[in-house]
1. The conditions are (1) within 28 Å of Asp216 (Cα to Cα); (2) touching a Leu at 6+ places or on another chain (Cβ under 8 Å), and Gly60 fails exactly one of them. Which is it?
2. With the structure loaded, tell me whether Phe47 is surrounded by 15 or more Cβ atoms within 10 Å (Cβ to Cβ), in the same structural domain as Phe189 (by TED's automatic domain parsing), modelled with pLDDT of 95 or more and among the aromatic types (Phe, Trp, Tyr) or whether it fails that test.
3. Return the total of residues in region 29-52 being assigned to a helix (DSSP H, G or I) and within 18 Å of Gly69 (Cβ to Cβ).
4. Could you figure out which of (1) assigned to a loop (DSSP other than H, G, I, E, B); (2) at pLDDT 95 or above isn't true of Arg94?
5. All but one of (1) free of Cβ contacts under 8 Å to residues at least 40 places away in the same chain; (2) under 16 Å from Ala74 (Cα atoms) hold for Phe135, so report the exception by its number.
6. Would you confirm, using the coordinates I've provided, whether Thr196 is among the β-branched types (Val, Ile, Thr), assigned by TED's automatic domain parsing to the domain that holds Arg163 and closer than 17 Å to Asp157 by Cβ?
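The values are calculated or read from the model by the stated rules, or taken from the named source; none is laboratory data. Keep in mind it's a predicted model, so treat the numbers as computed, not measured. Heads up, the Cβs are rebuilt from the backbone with ideal geometry, glycines too, and the neighbour counts pull from every protein chain shown.
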Amino acid sequence: MPDETLLLGGTANRGFVVRVGDTVRRPLRASSTATHALLEHLERVGFDGAPRLLGVDSQGREVLSYLPGETVQAPYPAWSMTDEALDSVALLLRAYHEAVADFRPVGLAWAEPVPASYVTGLISHNDPNLDNVVFRDGVAVALIDFDLAGPGSALWDVATAIRLWAPLRPDPDTHDVRRGRSLTRFRRFADTYGLTDADRARLVDAAADNHIWCMDYVRRGAESGHPWFRQRWTTGEAELTDRTNTWFNQSSAAHHQALLH
C-alpha cells in the first residue's frame, strides 16, 4: 500500500480516514450499501460535486476518489466566511438536490432517520457541515462525507446548512466575523438557494428541530463511549446545546421577520 496521509476533520471517523494517492479510504458502516448506491447514482447523472465510489480495498475500507481543494476548519480562513462563499454553498446544495431528485432507492438501510415531518422522498445529505464542503478558489464545489445521508428533504438540508453556516446560535457563542450577521446570512442563504414559499414558512422551525436532532446524535454517541463525541459533549457542547435551544425559542419571531425583508 502506498503511503497513507491522515485526513483531519469530522468527528465520527476521526483518525480513520486517510488519503492514498488520488483516493480516500474510509471505514465501512452498516449504511455503506445505501451510501454507495447514492454515490453511484450521482455519478450516473453526471454530478461532479461528490466523490466517486471506486470499490473496497484489501483492508475492508471503502475507496473513494480524492477531491482536491480545501475544507473549512478552525481557525476559519477569511475567504470561507464571506457572503460569496455562503452563496456558493447554497448553490452547490441546490445542484445536489437537483441531481438526486429522481433517485428512488428501495430496501436500503440508512444511518440516522430524520424527523418524519421532514421526509419527502428526497435523499438529503443531512450533514453539510463546514468541513464537509470542498472549496476551490473560495467557491464550494463538492460535498463529502455522506455517512448521514438518507430520506429527508430539501428543507431539512437547507435548515442544516443554514444553521451551521449562518450560523444560528447565540451571538456570544460565535467567535468569528459572522458574529452579529446571522440574520442577514440566514436570509441570504434562503434567497440564494431559491427556497419555495412553503419551505420558507417552515424554515425557522426546521432549523430549531435540526439542532435538536443533531445534538441528540452527538449526545448518544458520547453516551455510547465514542471518544471524539464524548470529548466534544463533555467540553462545553452540552451547555452550548442548552443555550442554543433557548435562543431558538427566544429568537423565533426575529428569524421569521428576517425572511420577510
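1. So Gly60 meets the others, but not (1).
2. Details: surrounded by 15 or more Cβ atoms within 10 Å (Cβ to Cβ): yes; in the same structural domain as Phe189 (by TED's automatic domain parsing): no; modelled with pLDDT of 95 or more: yes; among the aromatic types (Phe, Trp, Tyr): yes.
So Phe47 does not fit the description; no.
3. Looking only at region 29-52, we keep the residues that are assigned to a helix (DSSP H, G or I), and these are 32-44.
From the residues that got through so far, the ones that are within 18 Å of Gly69 (Cβ to Cβ) too are 39, 42.
Counting residues in region 29-52 that are assigned to a helix (DSSP H, G or I) and within 18 Å of Gly69 (Cβ to Cβ) gives 2.
4. For Arg94, the exception is condition (1).
5. Status for Phe135: all satisfied but (1).
6. On the way: among the β-branched types (Val, Ile, Thr): yes; assigned by TED's automatic domain parsing to the domain that holds Arg163: yes; closer than 17 Å to Asp157 by Cβ: yes.
It is true that Thr196 is among the β-branched types (Val, Ile, Thr), assigned by TED's automatic domain parsing to the domain that holds Arg163 and closer than 17 Å to Asp157 by Cβ.
Quick grid of which residues meet (1) closer than 19 Å to Thr160 by Cβ; (2) in the same structural domain as Phe146 (by TED's automatic domain parsing):
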position: Arg19; (1), (2): no, no
position: Asp22; (1), (2): no, no
position: Pro51; (1), (2): no, no
position: Thr71; (1), (2): yes, no
position: Ala85; (1), (2): yes, yes
position: Leu91; (1), (2): yes, yes
position: Val100; (1), (2): yes, yes
